[in-house]
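> Sharing a structure with you now.
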Amino acid sequence: MNTRMKSTRLFVLALPLAGLLGWGIWCLEGTGTLGGLTRPERLLEEIRHGVRPEFAKLLFVTERYRDSDLKVILDGSMYNIKSSLARAQGYLQRNYRGEAAEDWINMHLYRSPLRGEIIYLRFSDGRERPLRDVLLEDLGTIS
């Protein structure tokens, strides 16, 4: 059995479990397309019509930076945005308890849990802005 068939079979087997847990399809099948929609487009559909639209909003505002050259500054260390997203989205899935997206961003994405320092995004031109502020602005464009 080739790798593509194995991954398709895994996806098909995992789909009912995802429905029971309340997860959207986008949590399981990666960044490709499904039904002609890209991952960000599917997230927008989930925001509009899904059972967890606030959760989908949080995933959407983080996902839109996946291919950017932004850096995350956390507790004095700088991280590539792409490598940070998997951890950030895992943290979101573990800690989201049904809050409004804006409330969750204010509570979890302003100061680091370890040192309490403000979490920043560094842009390619060297500017830095608090992560919370950037995400809240983006959230305002879809709410």
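What follows draws every value from the coordinates through simple rules; no lab data is involved. None of the values given here were measured: they were computed from a predicted structure. Ideal geometry is used to build each Cβ from the backbone, glycine not excepted, and the neighbour counts take in all protein chains shown.
> So if R0 is 22 Å, what FRET efficiency would LEU92 and ARG129 give, r being the distance between their Cβ atoms, rounded to the nearest 0.05?
0.65
> Once phi is turned into θ = phi - 60°, what whole-Hz ³J(HN,Hα) does the Karplus curve with 6.51, -1.76 and 1.60 give for every residue of region 80-85, x standing for Gly and Pro?
With the stated coefficients, region 80-85 comes to 5, 4, 5, 6, 7, 5 Hz.
> Output wanted: per-residue J couplings in Hz (rounded whole) for region 91-105, from phi through Karplus 6.51 cos²θ - 1.76 cosθ + 1.60, θ = phi - 60°, x for Gly and Pro.
Karplus values, whole Hz, x for Gly and Pro: 4, 4, 5, 6, 10, 6, 10, x, 5, 5, 4, 4, 5, 5, 4.
> Something else now. How do PHE55, PHE123 line up, fewest other C-beta atoms within 10 Å first?
Ascending number of Cβ neighbours within 10 Å: PHE123, PHE55.
> Let me ask something additional. Per 10 Å bin, what percent of the C-alpha pairs of region 53-142 does each bin hold, from zero upward?
Cα pair-distance distribution for region 53-142, in percent: 17, 55, 27, 1.
> With each pseudo-label sitting 7 Å past Cα toward Cβ, what's the GLU117-ASN80 distance in nm, one decimal?
2.1 nm
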